[in-house]
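The values are calculated or read from the model by the stated rules, or taken from the named source; none is laboratory data. Just so it is clear, the structure is predicted and the values come from calculations on it, not from any experiment. Virtual Cβ from ideal backbone geometry, glycine too; neighbours counted across all protein chains shown.
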Amino acid sequence: MKRRFFGGGFTLLELLIVMAVIAIGLFLPAMGRTCGGSSRQLRDSTQVRGIHQALVTWAQSHKDRYPIPSLLDVNNATVADLGTAKDHTANILSPLVFNGSMSPEILISPAEASGKIHLKEDYEYDSPKAAADPKDALWDPSLSADFTSAAGGHISYAHLCPTAKSAERWANTFSASEVVIGSRGQEVRSVTQLADGTVIPTFARSDSITLLIHGSRTKWEGNIAFNDNHVEFMTQPKVGTYIDGGGKPREDLVFYDEPDDAAGTNAFLGIFTTAGPTRAAFKSIWD
């Protein structure tokens, strides 16, 4: 039987084999990227749960409260800031590193996309030089959350703003509906409220770096820990509802402090570089 040849001298079988090899060559890198992304997401979920577990461990020795730096550093030995001005992100999480509940590595997401957020390799566990009084310091205040600074920051994750009504949830409540900490999000510029209670956010930046962490470059996705220590991989930054000034339930955007929430019961997660007695004093940074 004569073999049928195609112009370049390949038999049909040989041509099919070549096409299969090319297809496999194209498929394997894509599969690797998919599996790699899935692996990073799972490791990130484990780290988010680990941070929350560190908060729970702390709470077990502090009347079920998560760290409130102003209640710890009452003698101003660690930082010179007075009162609730101490209660920003870096000061909240640094005591958990200082007491060994978690390492600085866990504060950096394995899916981190920002070159401005990096590991704090020189964290000082004894007499930190950056403290107001190193020998009596309760944490290393050189741990920074401010990735907008020239030096960059050491924390990937956002947490619940621990003031006003949220302060009641900044505690080991075991509630499966209360968000505590997780992947940071985009800055919300404004929202459109629909009659059925749905809200549609308008973001400050469509090219936010946060979209490169887990999202599809056009949509936020991330891991969020709740107060019963379960973690959910979420595909939109909405959890539950709050009651607006007119008494209507509205979808709660977790990275937006809704101005019409008169009772202050909405969830608001951020990386805060300033703090104080009211939510207005808490400045959240975004990328």
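Annotation: of all residues in region 205-215 being of a type in the set (Ser, Thr, Tyr) and in a loop (DSSP other than H, G, I, E, B), the one that is nearest to LEU55 (Cα to Cα) is SER208.
Looking only at strands (runs of 3 or more DSSP E) that lie completely in region 216-287, which have at least 3 residues being closer than 17 Å to SER177 by Cβ? Can you show your working first?
Details: elements: 222-226, 231-234, 238-243, 249-253, 269-274, 283-285.
Correct list: 222-226, 231-234, 238-243, 249-253.
There is at least one residue in region 183-205 that is in contact with a Lys or Arg (Cβ under 7 Å, 6 or more places away or on another chain), among the small types (Gly, Ala, Ser) and free of Cβ contacts under 8 Å to residues at least 60 places away in the same chain. For ARG279, the criteria (1) under 15 Å from the mean Cα position of the chain (by Cα); (2) closer than 29 Å to GLN60 by Cα; (3) in contact (Cβ under 8 Å) with a residue 24 or more places away in the chain hold in every case but one, which is (1). The condition of being over 25 Å from ASP287 (Cβ atoms) and modelled with pLDDT of 95 or more does not hold for LEU160.
Any chance you could count how many residues in region 170-191 are surrounded by 20 or more Cβ atoms within 10 Å (Cβ to Cβ) and either at pLDDT below 95 or not β-branched (Val, Ile, Thr) (or both)? Here the count works out to 9.
Pairs meeting the criteria (first residue in region 150-171 and closer than 10 Å to TYR66 by Cβ, second residue surrounded by fewer than 19 Cβ atoms within 10 Å (Cβ to Cβ) and not hydroxyl-bearing (Ser, Thr, Tyr), beta carbons under 6 Å, at least 6 apart or on different chains) are ALA171/ASP64; ALA171/ARG65.
Is it the case that ALA176 is small (Gly, Ala, Ser), touching a residue at least 24 places away in the same chain (Cβ under 8 Å) and in a strand (DSSP E or B)?
Values: small (Gly, Ala, Ser): yes; touching a residue at least 24 places away in the same chain (Cβ under 8 Å): yes; in a strand (DSSP E or B): no.
Answer is no for this residue.
The residue of region 218-261 that is modelled with the lowest pLDDT, among those that are over 17 Å from the mean Cα position of the chain (by Cα) and basic (Lys, Arg), is LYS248. Do we have ALA167 as surrounded by fewer than 17 Cβ atoms within 10 Å (Cβ to Cβ) and within 19 Å of TYR242 (Cα to Cα) here? Judged against the criteria, ALA167 is a match.
Within region 60-100, the residues that satisfy the criterion of being assigned to a loop (DSSP other than H, G, I, E, B), surrounded by 19 or more Cβ atoms within 10 Å (Cβ to Cβ) and hydroxyl-bearing (Ser, Thr, Tyr) are TYR66, THR78. Of the residues making up region 102-127, those that are within 19 Å of ALA54 (Cβ to Cβ) and either without any contact (Cβ under 8 Å) to a residue 24 or more places away in the chain or among the basic types (Lys, Arg) (or both) are SER103, GLU105, LYS120, GLU124. For beta carbons closer than 6 Å, sequence separation of 6+ or different chains, a first residue in region 207-229 that is in contact (Cβ under 8 Å) with a residue 40 or more places away in the chain and within 23 Å of TRP170 (Cα to Cα) and a second that is of a type in the set (Ser, Thr, Tyr) and part of a loop (DSSP other than H, G, I, E, B), the qualifying pairs are ASN227/THR173; ASN227/SER175.
Selection of region 42-57 for residues being in contact with a Ser or Thr (Cβ under 7 Å, 6 or more places away or on another chain) and surrounded by fewer than 19 Cβ atoms within 10 Å (Cβ to Cβ) yields only THR57.
Within region 262-287, take every residue that is among the charged types (D, E, K, R) and modelled with pLDDT of 95 or more and give me the one that is farthest from SER208 (Cα to Cα).
Just the residues of region 262-287 that are among the charged types (D, E, K, R), to begin with: 279, 283, 287.
Add one more test, that the residue is modelled with pLDDT of 95 or more, and what stays is 283, 287.
Working: LYS283: 18, ASP287: 6 Å.
Within region 262-287, the match that is farthest from SER208 (Cα to Cα) is LYS283.
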